[in-house]
Amino acid sequence: MPVAALDLQRYLGDWYELARFDHSFERGLDFCKANYALREDGKIAVTNTGIKDSKPKTSNGKAKTTDTPALLRISFLGPFYSDYRVMLLDADYRWARVGNKSADYLWILSRTPELPKKTLGTILSESQRRGYDTSKLIWVKQK
């Protein structure tokens, strides 16, 4: 379930990917980062970067808002959109937990390449409480 409120202007910018569930489109990537920027047409430009086998990788997509503030629709493949749900968010927008409706995807994002262990513990505990198997998380190399 998405958080009740999302200030999109505060959410825009750079986010480091600290952890994720495994999926084919990011398999083997480290040093992952996402940038969200407002486009002139009101959609959100999404630029994901990472490194795989010592080579930089970039993917560009777009997102659009919905009637639910923390539920975006995101696309990297033409007209096909997927859920992007901000499900847990720090009051100061320092970190976020993002997923989708079916719980197949989960990301822990941060404005910095690391978070304090206590903060990570809180995110993991809340994720487990909501039914996520956090043992499946892949911790992304950021340093």
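Taking a Cβ cut-off of under 11 Å around Val3, the surrounding Lys, Arg, Asp and Glu residues balance to a net charge of 0, with basic ones at +1 and acidic ones at -1.
Which of the GluC sites (Glu not before Pro) found in the stretch 37-143 are loop residues per DSSP with 10 or fewer other Cβ atoms within 10 Å of their Cβ?
Loop-located and lightly packed - Glu40.
For the pair Lys118 and Lys62, label points projected 7 Å from Cα toward Cβ lie 4.4 nm apart.
Spin-label point model (7 Å from Cα, Cβ direction): what's the Asp30 to Lys52 distance in nm? Going by the 7 Å Cα→Cβ label model, 1.5 nm.
Roughly what would the spin-label model give for Asp90 and Asp7, points 7 Å off Cα along C-beta, in nm? The two pseudo-label positions are separated by 1.5 nm.
Electrostatic tally near Leu71: other residues with Cβ closer than 13 Å to its Cβ, Lys and Arg +1, Asp and Glu -1, net +2. Extension gain for Thr134-His23 works out to 38.5 nm (0.36 nm per residue, less the C-alpha to C-alpha distance).
In the neighborhood of Lys43, defined by Cβ-to-Cβ distances under 13 Å, what is the net charge if each Lys or Arg adds +1 and each Asp or Glu adds -1? Neighbour charge sum, excluding Lys43 itself: +2. For the stretch 8-139, a crude dipole built from +1 on the beta carbon of Lys and Arg and -1 on the beta carbon of Asp and Glu, taken about the Cα centre, is about 40 debye to the nearest 20.
Beyond 26 Å between alpha-carbons counts as too far, so tell me which of Lys33/Lys64; Lys43/Lys136; Lys64/Lys136 fall in that bin. Long pairs (Cα-Cα over 26 Å): Lys43/Lys136; Lys64/Lys136.
Here, each number is a calculation from the coordinates, and none is a lab measurement. These numbers come from a predicted model, not from an experiment. Please note: Cβ atoms are built from the backbone with ideal geometry, for glycine as well, and neighbour counts cover all protein chains shown.
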